[in-house]
1. Using Cα positions and a limit of under 20 Å, work out the aspartates and glutamates in reach of LYS160, with same-chain residues fewer than 8 apart set aside.
2. Whose amide H sits under 5 Å from the amide H of VAL137, counting only residues 5 or more places off or on another chain, with H placed in the peptide plane?
3. Checking a compactness column here: for the stretch 1-110, what do you get for Rg(Cα) / (2.2 N^0.38 Å), N being the number of residues?
4. Would you mind giving the average projected area, over all directions, of the Cα convex hull of the stretch 7-62 in nm² with one decimal?
5. Multiplying the sequence separation of ARG171 and GLU14 by 0.36 nm and subtracting their Cα-Cα distance, what value in nm do you get?
6. Using only alpha-carbon positions, what ratio does the radius of gyration of the chain give when scaled by 2.2 N^0.38 Å?
7. Return a whole-number percent for the relative contact order of the chain, with Cα pairs under 8 Å and 6 or more residues apart as the contact set.
8. Considering the options ILE44, SER32, THR124, tell which one lies farthest towards the positive end of the dipole of the chain, charges being +1 on Lys and Arg and -1 on Asp and Glu at the Cβ, about the Cα centre.
Amino acid sequence: MIETDDLDTESVLELAADYADEHDIEDVVVASTSGATGEQAAEIFDLAARNLTVVGHAVGYSEPNEQEFDDGAREAIEAAGGTVFLGPMVFSNVGAAIKEKDGFSAHELVADVLRLFGQGTKVTLECVLEACDAGHVPAGKTVLAVAGTGDGADTVLAIKSANSRDLFEARILNVLAKPSDPENLFYW
């Protein structure tokens, strides 16, 4: 495993692209809140050989009726041959509402356990499930997933994809890169 504590987003995306090339991984899923990381991914990955899906938050995630994903970034990603999916997070939206009302949610528990390995680990799996649910990535394939902690990318996992309703069919096959310094594995 490559420790990414001192790497920037571009370096993480480049090592992910090299891994995809070396292991002939067709499907790549990249988390991107604003679109900046997704736009970088569209520039770095060979989209003639890769199916790139950039996953962002649904409208209203941070503010009602607001979309965090930049329209220009979306246009650049799609012009390069990538796909953008903006939708609800599997481990968050409904679970957060239930937790707020009842004080506990199994959705939140799953997310919190994954965060023990770092925020990026939770987000990589979540984004693969979302991309699979949206039909951008087929279930049962090895997918390269890239995500981060707060800003940019710091985590790269190879994941056997599954639909969210089949969460326990998904598998984290390889942890290529992630932060290891406890300071970078903070809990939200």
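What follows draws every value from the coordinates through simple rules; no lab data is involved. Computed from a prediction, not measured in an experiment: that's the story for all the values here. So basically every Cβ, Gly included, is an ideal-geometry build from the backbone, and we count neighbours across all protein chains shown.
1. Candidates past the 8-residue exclusion: ASP18, ASP21, GLU22, ASP24, GLU26, ASP27, GLU126, GLU130, ASP133, GLU169.
2. CYS132
3. Working: Rg = 16.2 Å, N = 110, 2.2 N^0.38 = 13.1 Å.
That ratio works out to 1.23.
4. Numbers: hull surface 16.5 nm².
Reported value for the Cα convex hull: 4.1 nm².
5. Numbers: separation 157, 0.36 × 157 = 56.52 nm, distance 2.34 nm.
Full-extension gain reported as 54.2 nm.
6. Values: Rg = 15.3 Å, N = 188, 2.2 N^0.38 = 16.1 Å.
So the chain has a normalised radius of gyration of 0.95.
7. 25 percent
8. THR124
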